[in-house]
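Report on the following structure.
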Amino acid sequence: MEVLKRILQQRNEDAALQAIALMHQGLIVDLTSNIALAAAKIEPQLKLPLADSVILVTARSHAAVIWTQDEDFKGIKGVRYIERKTKGAR
């Protein structure tokens with residue numbers, strides 16, 4: 001959902017569908033009630049948007065590392081935040 005939304009905003013539907021196809025080569029995890037409840041609990045603690053809380057709890061439940069340029073995740077354990085380069089920066 002998040003990936004599709006962002007790529008549609010930045011590029012086009014073809015690029016978004018290609019990204020989703022690549023993601024389907026990995027593990028697809030269903031949103032369970034346990035994940036949803038845990039995400040609702042950590043959302044206010046970490047001041048994350050709800051969708052990001054779901055992503056974080058899902059990753060943690062599978063001992064996965066989140067690689068992101070989303071500043072909302074900056075400084076959170078289990079996340080590898082990579083700062084975006086600004087236009088014109090080398």
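Only the coordinates and a few stated rules stand behind these numbers; no lab work does. A quick note: this is a predicted structure, and the numbers were derived from the prediction, not measured. Note that we place each Cβ from the backbone using ideal geometry, even for glycine, and neighbour counts take in every protein chain shown.
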How many angstrom lie between the Cα centre of the stretch 7-26 and the Cα centre of the stretch 38-83?
21
What is the magnitude of the charge dipole of the chain about its Cα centre, with +1 placed on the Cβ of each Lys and Arg, -1 on the Cβ of each Asp and Glu, and no other charges, expressed in debye to the nearest 20?
440
So, R0 is 41 Å and r is the distance between the beta-carbons of residue 63 and residue 11; what FRET efficiency does that work out to, to 0.05?
0.85
Quickly rank 72-84, 17-29, 52-64 as a protection proxy: mean count of other C-beta atoms within 10 Å, highest first.
52-64, 72-84, 17-29
Computed, not fitted: 222 nm per-residue ellipticity of the chain from DSSP H runs ≥ 4 (each -39500 (n - 2.57)), nearest 500, equal to -15500 deg cm²/dmol
For the chain, what size does the Cα cloud have along each of its three principal axes, sorted from largest down, in whole Å?
40, 29, 21
